[in-house]
Structure formats: structure tokens, C-alpha cells
Amino acid sequence: MINFKIILNVLGYLLIALSLVMLIPTIIDLGIGNNSWKSFITSAIITFGFGFTFLISTRNEENNKILMQDAFLITSLSWLSISIFGAFPFYFSENGLGITNSIFESMSGITTTGSSVIQNVEAMTEGMLIWRGLLQWMGGIGIIIMAISILPVLRVGGMQVFRAESSDTTEKMLPRTTQIASAVTLIYLTLTLICLAAYWLGGMNFFDALVHSMTTIATGGFSTQNNSFASFNSKSLEYVAIIFMVLSSLPILIYLEAFKDGLKRIISDTQIITFLGIIFFSSLLVILYLWFMEIKDIEDAIRSGAFNVISIITGTGYTSDNYNLWGPFPIYLLFFGMFIGGCAGSTTCGIKVFRFQILFQTLKMQIQKLLHPHGVFVPHYNHKKIEEDVTSSVMSFFFIFILSFIVITLLLSTTELDFVTSLSAAATSLANVGPGLGEMIGPENSFYEISNFAKWVLIFSMLLGRLEILTVLVILHPAFWKK
């Protein structure tokens, strides 16, 4: 039976932590003299009040065991509650965004999607800009911890392939999560500080470097500028962003393993090699197209092509150019690139590279069986045998991902959005990428003009994509609520 008290207990801790983080933009705006500090302190008080109430009413639940049903609910409700309470500063600000836009911006932040309803980002206060960055930075840590310690236990979408012996049961989930959180936070913070220093040395002022370092390492894409990296007009900054977008797309614990075992650990990981191969060849195709079609000279083609391809594939969502003007081939490649994502165990989004690898190995095995009916063929991933339950989970994930994409596209089309906008909005929200295609939601525009119904569809889509779809859908099944 579902233990709602332990669920509220976990949510209580999360909300108290969120209220304390709200004090950071409060202090920044108060120190500068921006009135928006009032919206943050109001939001912090409300959030702390709910969190404290949850803890007081469940103070004897800390040591109780978490069952599988509890874990599913905790995962989904954690992201949903942080999105709702994280929207308060936007709602209470002087130029309040309203309920729908506030939750859209917050959900986009915490899921590291990067889509925005704010038309003039540069007019926002420093506190608000920091808050957007913090939401994505926290979301980045959250998704890594979830992907490494929780989803493998819940056996979501083939993630059990990454299950360690110490996390075979939900009873061991919390101790393991605590250990992982410590390691992840240390590595994550180190990468952020190095990225901050690189942006600062590359020419950004300290504030811009701080915000962009948080959203780069989170592969989130929120910027302090309306036109993202195009506003800086800096080649060196774009190359810095390329490097850190790639580094952030690798499994974060690989850095710890590389520190112990050297670079051989990285080059022996087939998921990493496949991912690097995908972004290299995709970038090369766009670069050659831009050069041969004389859209850009060779240096601009290399920099702009690599930057935008890597940004879209990793789900970061930064833009340095209006790729809508590049022609059909790059646009189609970027559209399909939205679905790929990076490596499992990173902050990236999308389907993830390992699932494509498992799908390819399964397809390869099926072809071999057709050619040699009496042969015995065993698919492998990362030099290990792929278990049958992993294969079926991955196949199920592909099916539900495609089905969700179709349903979301059809729902958006009922709001009179054109075909390209509906299609790309569904893709960019479900894959948590950020910018879309077309004139309305393209790289130089926001999602402000789409209808409220479309925004709520996208809000649900962002949550669905960030939590690997099945984590959310399973709690909607009637059997989930039975004893």
C-alpha cells in the first residue's frame, strides 16, 4: 500500500531546501536595490511553510522503507512540486507572468528544457536571471541522481542496464542515493566552476559567466541575453560552450572513474564513443553543407555548425545563429537530432544514445537469425550481455516515446498552430531541448504567443520527457493504486 506520509516527508525536505535556495536571488536583488527581492522572500516563506508543515506532520516517517509504488510517486511529485513552487517568484514579480506562464518557465527550468515565454530577457532583474539559472542547475543535479540511483531500480526504459549491485532493491535506494549525491555534487560543482572561469576569461562579465556556467553544465540553455550566444558575438565563447556542452553530455561519474583509472575508462565506454561519433559526423555534415552552399566561410561554418548541432543534440538549446535561414537540410538534421540526446547518467535529454545502441544490437541479432535460423546470437552492450528484460524495456520506451510525440503534436495542432510549429514544439518539449523551428518558436523567438492550452500541453510534455515518460504514465494506470 502506498505510504503517503513518507512521500510528504521527502517533499517536505525538498521544499525546505528550495526555499533556502530562493534566498540567493533575494540577497542579490536586495543588495542591488531591485524590488523583485520581495517576490523571492514571499515565495521562500510560502515554500518553507509548506515544507515545514509536511515535515511536522510526518516526523516519524524518516526511517520507513520506500516501496516501489512510493518511489514512482516520489519521483514524479518531486519534480512537479518543485516546478509549482519554483514558479512563485515569476508569479509574484512586479511584472507577474501569470499562472500559466510562470509554471511554464519554472517547468522549463527545472527540466532543463530551456524554452521560455519571456520576450525580453535582458529587462529582467539580476535575481530573476540567477533564479532561472539556479532552476536549471538544480534540475541538472536532480536528473543525474535520478538516472543513476532511482531509474535503474524502477527499471524504466532499459535503465536497469546501469543498475549496480548496491542498488538492487528500493530498500538500498536512499543510502546509495546519498552516496551518489555527494559524488555527483562534487563533480558537478567542479565542472561549473571551471566553466565559469572559462567564460569569464573568454570575455563574459562575471554575472553572465555565472549564469551561463550553470545552464551550460545543466545542458539547460537559459541565457541572460535575448539572442543567446549570438548577442555576445564572440568566437572564443562559442568554442568554450562547445567544449563544456560535450563534457556535460558524458556520464558524470565517468570523471570519477577516469580520475582513478585514467582515460582508458572513457575510451572503453561504447556509449561515449558512439555519442562523440554522432555529434562529430552530424556537425561535419552541417559544416560541409554551409561551406559548399556558400552560406558561410569555412571558419564560420565550423564554429556555427558545430555549436548549433551540439547544442540541439545535447538538448542544451543555446543558439548562435538563426538556423531557420540555413536551408532545409540543416533544419531537418537538427529536428531529428533533437531526439538523440547524450549519454545516460548525464544532464542531457532525449532518447539517449544507449537506447539506440541496444536497438541496433537487437536489430542486428534479428537479421542474423533470419540469415542463420539455427544460430545462437547474443546482443551485447558495453561488452556485457543484454538481458531480455532490458531489450523489451527499450523497445517499449521507443514505442511510447513515438506515441507520445504523435499525441502531443495532434493536441498542439488543435490550437491552430501550423504543422512545423506543432511538430517541433512537441519534439523540443518531449526531448527537453528548448528552441523549436519556424517563425513563432524558432531560435530568435519565445513561446509567449502560443495559446495557454498549448502551453499546458507543453508543460506536461516537458515533465513527461524529463522523467523518461514511463515514470509518469505508470502512476496513471489503475493497477498502480491497488494494494
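Where helices (runs of 4 or more DSSP H) fall wholly inside the stretch 349-451, the ranges with 3 or more residues that are among the hydroxyl-bearing types (Ser, Thr, Tyr) and more than 18 Å from Phe104 (Cα to Cα) are 388-413. In a residue-by-residue description of the stretch 297-316, the property of being under 28 Å from Gln160 (Cα atoms), out of contact with any helix residue (DSSP H, G or I) (no Cβ under 6 Å at 6 or more places or on another chain), touching a residue at least 40 places away in the same chain (Cβ under 8 Å) and surrounded by fewer than 21 Cβ atoms within 10 Å (Cβ to Cβ) applies to no position.
Consider the stretch 390-429 and keep the residues that are farther than 12 Å from Gly158 by Cβ, among the hydroxyl-bearing types (Ser, Thr, Tyr) and surrounded by fewer than 22 Cβ atoms within 10 Å (Cβ to Cβ). The one that is nearest to the chain's Cα centre (by Cα) is Ser404.
In the stretch 335-355, the residues that are within 18 Å of Thr192 (Cβ to Cβ) and modelled with pLDDT under 90 form Cβ pairs under 8 Å with partners that are surrounded by fewer than 24 Cβ atoms within 10 Å (Cβ to Cβ) and of a type in the set (Phe, Trp, Tyr), at six or more places apart or across chains, as follows: Gly345/Phe162.
Only residues that are of a type in the set (Gly, Ala, Ser) and farther than 27 Å from Val474 by Cα were counted in the stretch 45-100, giving 5. Asn95 meets the conditions (1) in contact (Cβ under 8 Å) with a residue 40 or more places away in the chain; (2) closer than 17 Å to Ala123 by Cα; (3) of a type in the set (S, T, N, Q) in every case but one. The failed one is (1).
If you filter the stretch 13-58 down to residues that are modelled with pLDDT of 90 or more and of a type in the set (S, T, N, Q), you find that the one that is nearest to Glu94 (Cα to Cα) is Ser39. The set of residues in the stretch 190-227 that are under 13 Å from Arg132 (Cβ atoms) and polar (S, T, N, Q) comprises Thr215, Ser223, Thr224, Gln225. Out of Ala258, Ala209, which single residue is in contact with a helix residue (DSSP H, G or I) (Cβ under 9 Å, 6 or more places away or on another chain) and modelled with pLDDT of 95 or more? None of the others qualify; the one that does is Ala209.
The set of residues in the stretch 308-342 that are of a type in the set (A, V, I, L, M, F, W, C) and either in a loop (DSSP other than H, G, I, E, B) or touching a Phe, Trp or Tyr at 6+ places or on another chain (Cβ under 7 Å) (or both) comprises Trp326, Phe329, Ile331, Leu334, Met338, Phe339, Ile340. The residues of the stretch 235-271 that are surrounded by 15 or more Cβ atoms within 10 Å (Cβ to Cβ) and assigned to a loop (DSSP other than H, G, I, E, B), listed by number, are Ser249, Leu250, Pro251, Ile252, Asp269.
Looking at the stretch 373-417, which of its residues are of a type outside the set (A, V, I, L, M) and closer than 30 Å to Glu449 by Cβ? Full working, then the answer.
Residues of the stretch 373-417 that are of a type outside the set (A, V, I, L, M), as a first pass: 373-375, 377, 379-385, 387-389, 391-393, 396-399, 401, 404-405, 409, 413-416.
Phe401, Ser404, Phe405, Thr409, Ser413, Thr414, Thr415, Glu416 - these are the residues of the stretch 373-417 that are of a type outside the set (A, V, I, L, M) and closer than 30 Å to Glu449 by Cβ.
Considering every residue within the stretch 115-130, establish whether at least one is within 22 Å of Ser213 (Cα to Cα) and within 15 Å of the chain's Cα centre (by Cα). Yes: one or more hits. Within the stretch 38-49, the set of residues being surrounded by fewer than 21 Cβ atoms within 10 Å (Cβ to Cβ), touching a residue at least 12 places away in the same chain (Cβ under 8 Å) and not basic (Lys, Arg) comprises Ile41, Thr42, Ile45, Ile46, Phe48. Annotation note: Cβ proximity below 9 Å between a residue of the stretch 372-385 that is of a type in the set (D, E, K, R) and a residue that is in a loop (DSSP other than H, G, I, E, B) and at pLDDT 80 or above (sequence gap 6+ or interchain) occurs for Lys385/Val378; Lys385/Pro379. Would you mind stating whether Ile441 is in contact with a strand residue (DSSP E or B) (Cβ under 7 Å, 6 or more places away or on another chain), farther than 20 Å from Ser83 by Cα, of a type in the set (A, V, I, L, M) and touching a residue at least 12 places away in the same chain (Cβ under 8 Å)? Criteria not met by Ile441. Only a single criterion out of (1) assigned to a helix (DSSP H, G or I); (2) buried (at least 17 other Cβ atoms within 10 Å of the Cβ); (3) modelled with pLDDT under 90; (4) not β-branched (Val, Ile, Thr) is not satisfied by Gly157, namely (1).
Please verify whether the stretch 80-92 includes one or more residues that are more than 27 Å from Ser451 (Cα to Cα) and surrounded by fewer than 21 Cβ atoms within 10 Å (Cβ to Cβ). Among the residues of the stretch 80-92, not one is more than 27 Å from Ser451 (Cα to Cα) and surrounded by fewer than 21 Cβ atoms within 10 Å (Cβ to Cβ), which makes the answer no.
Ser102 passes every criterion in (1) under 25 Å from Ser248 (Cβ atoms); (2) of a type in the set (Ser, Thr, Tyr); (3) out of contact with any Cys (no Cβ under 8 Å at 6 or more places or on another chain) apart from (1).
Residues of the stretch 1-39 being hydroxyl-bearing (Ser, Thr, Tyr) and part of a helix (DSSP H, G or I), which ones?
From the stretch 1-39, those hydroxyl-bearing (Ser, Thr, Tyr) are 13, 19, 26, 36, 39; that's our starting set.
Once the filter is applied, which keeps residues that are hydroxyl-bearing (Ser, Thr, Tyr) and part of a helix (DSSP H, G or I), the stretch 1-39 yields Tyr13, Ser19, Thr26, Ser39.
The values are calculated or read from the model by the stated rules, or taken from the named source; none is laboratory data. On a predicted model such as this, the values are computed, not experimentally measured, just so you know. Ideal geometry is used to build each Cβ from the backbone, glycine not excepted, and the neighbour counts take in all protein chains shown.
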